[in-house]
1. List the strands (runs of 3 or more DSSP E) that sit entirely inside the stretch 1-80 and contain at least 1 residues that are on the phi < 0 side of the Ramachandran plot and surrounded by fewer than 18 Cβ atoms within 10 Å (Cβ to Cβ).
2. Might you let me know whether the stretch 172-194 holds any residue that is within 16 Å of the ligand (Cβ to nearest atom), aromatic (Phe, Trp, Tyr) and part of a helix (DSSP H, G or I)?
3. Determine the pairs where a residue that is within 30 Å of Lys2 (Cβ to Cβ) and touching a residue at least 24 places away in the same chain (Cβ under 8 Å), located within the stretch 87-103, has a partner that is within 11 Å of the ligand (Cβ to nearest atom) and part of a strand (DSSP E or B) with Cβ atoms under 7 Å apart, the partner being 6 or more residues away or on another chain.
4. State whether one or more residues within the stretch 164-185 are in contact (Cβ under 8 Å) with a residue 40 or more places away in the chain and β-branched (Val, Ile, Thr).
5. Residues Lys156, Lys122: which one is in contact with a Phe, Trp or Tyr (Cβ under 8 Å, 6 or more places away or on another chain) and either among the acidic types (Asp, Glu) or within 16 Å of the ligand (Cβ to nearest atom) (or both)?
6. Of the residues that sit in the stretch 126-136 and are surrounded by fewer than 18 Cβ atoms within 10 Å (Cβ to Cβ) and touching a residue at least 40 places away in the same chain (Cβ under 8 Å), which one is farthest from Thr90 (Cα to Cα)?
7. Against the condition among the aliphatic types (A, V, I, L, M) and within 12 Å of the chain's Cα centre (by Cα), how does Val121 come out, does it pass?
Amino acid sequence: MKLAFIGIGNVGFAIANNLQQKGYEILVANDNPESDSVKKALDSNPLFSVLPLKEAVDMAEVIFLATPFKANEGILASLDFQGKPLVDCTNPVGPGISHGLESSISGAEQVQEWAASARVVKAFTIYGFENFSNPAYLKAKESPVMFFAGNDEKAKSKVAATISDSGFYAKDVGSLDQALHLEHMTLLWVKMVRRDGHHPNFMWRYLE
Ligand SMILES: NC(=O)c1ccc[n+]([C@@H]2O[C@H](COP(=O)([O-])OP(=O)(O)OC[C@H]3O[C@@H](n4cnc5c(N)ncnc54)[C@H](OP(=O)(O)O)[C@@H]3O)[C@@H](O)[C@H]2O)c1
């Protein structure tokens with residue numbers, strides 16, 4: 001299956017590199033193939049292809065958005081997603097590691113407004129990028145959880161497959177408005193790890 005990545009920095013590369021090793025075809029979507037992050041990604045994994053944004057979106061079955069939140073409106077405005085799943089991995093972050101939209105609306109719902117032709121699914125955000133390349137722990141009997149949220153069941157089932165193939169337990173937490181709470185989980189993780197020094201490979205597990 002072809003996956004397009006808009007943004008191939010810390011987050012995009014870790015997810016893409018993991019999924020390429022599981023058999024997915026990775027299309028790096030960037031109009032500037034000479035950008036630093038694209039060159040670095042290709043040096044690390046020459047099996048990625050680079051295509052202009054529109055072309056990559058046209059060819060892919062699922063598109064991942066892993067860009068700085070403030071860049072999203074400009075990037076998404078010109079793209080026609082033809083109803084495909086758009087995985088929102090981005091987070092609006094404000095001063096003092098606060099929610100960048102003051103918790104009035106989730107970043108994912110804002111992304112859905114900007115990318116009206118896509119079916120947005122929030123996923124791959126509740127941890128730092130260190131955990132996206134390989135979430136396996138030798139001593140763990142169960143996989144760490146990856147929560148995801150979205151309004152379209154078909155889109156969610158495609159994204160759930162990429163989450164499971166990445167090595168996580170994929171747990172659907174409901175409709176896209178739940179993304180606000182996932183974004184707060186991200187802020188919790190970021191404050192614990194980046195501010196307070198907890199281990200960057202700490203993750204959560206779902207027990208029922
Ligand atoms: N870092 C984490 O641990 C983490 C964890 C979860 C979620 N997130 C969220 O994930 C997103 C990406 O974070 P990151 O750490 O991966 O950032 P990063 O390493 O700085 O990578 C950003 C990527 O976005 C691309 N980009 C930037 N501006 C663009 C534009 N105007 N048009 C097209 N592409 C553009 C960059 O490409 P160029 O090289 O061409 O500029 C680069 O590939 C952010 O929203 C962040 O909040 C981060």
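1. Numbers: elements: 2-6, 25-29, 49-51, 62-65.
Counting at least 1 such residues, we get 2-6, 25-29, 49-51.
2. At the first step, the residues of the stretch 172-194 found to be within 16 Å of the ligand (Cβ to nearest atom) are 179-194.
Narrowing further to those that are aromatic (Phe, Trp, Tyr): 189.
Next, only the ones that are part of a helix (DSSP H, G or I) stay: 189.
Taking every residue of the stretch 172-194 in turn, at least one turns out to be within 16 Å of the ligand (Cβ to nearest atom), aromatic (Phe, Trp, Tyr) and part of a helix (DSSP H, G or I).
3. From residues that are within 30 Å of Lys2 (Cβ to Cβ) and touching a residue at least 24 places away in the same chain (Cβ under 8 Å), the pairs are Val87/Phe64; Val87/Leu65; Asp88/Leu65; Asp88/Lys122; Cys89/Phe64; Cys89/Leu65; Thr90/Leu65.
4. No, the stretch 164-185 contains no residue that is in contact (Cβ under 8 Å) with a residue 40 or more places away in the chain and β-branched (Val, Ile, Thr).
5. Details: Lys156 fails: either among the acidic types (Asp, Glu) or within 16 Å of the ligand (Cβ to nearest atom) (or both).
Among Lys156, Lys122, only Lys122 is in contact with a Phe, Trp or Tyr (Cβ under 8 Å, 6 or more places away or on another chain) and either among the acidic types (Asp, Glu) or within 16 Å of the ligand (Cβ to nearest atom) (or both).
6. Filtering the stretch 126-136 for residues that are surrounded by fewer than 18 Cβ atoms within 10 Å (Cβ to Cβ) and touching a residue at least 40 places away in the same chain (Cβ under 8 Å), the one farthest from Thr90 (Cα to Cα) comes out as Asn134.
7. Values: among the aliphatic types (A, V, I, L, M): yes; within 12 Å of the chain's Cα centre (by Cα): yes.
Judged against the criteria, Val121 is a match.
The rows are residues; the columns are (1) among the small types (Gly, Ala, Ser); (2) more than 8 Å from the ligand (Cβ to nearest atom).
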residue: Ala4; (1), (2): yes, yes
residue: Glu25; (1), (2): no, yes
residue: Asp31; (1), (2): no, no
residue: Glu34; (1), (2): no, yes
residue: Val62; (1), (2): no, yes
residue: Ile75; (1), (2): no, no
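Throughout, read-outs are computed from the coordinates displayed, never taken from laboratory work. Since this is a predicted model, take the numbers as computed values, not measurements. Cβ: placed from backbone, ideal geometry, glycine included. Neighbour counts: every protein chain shown.
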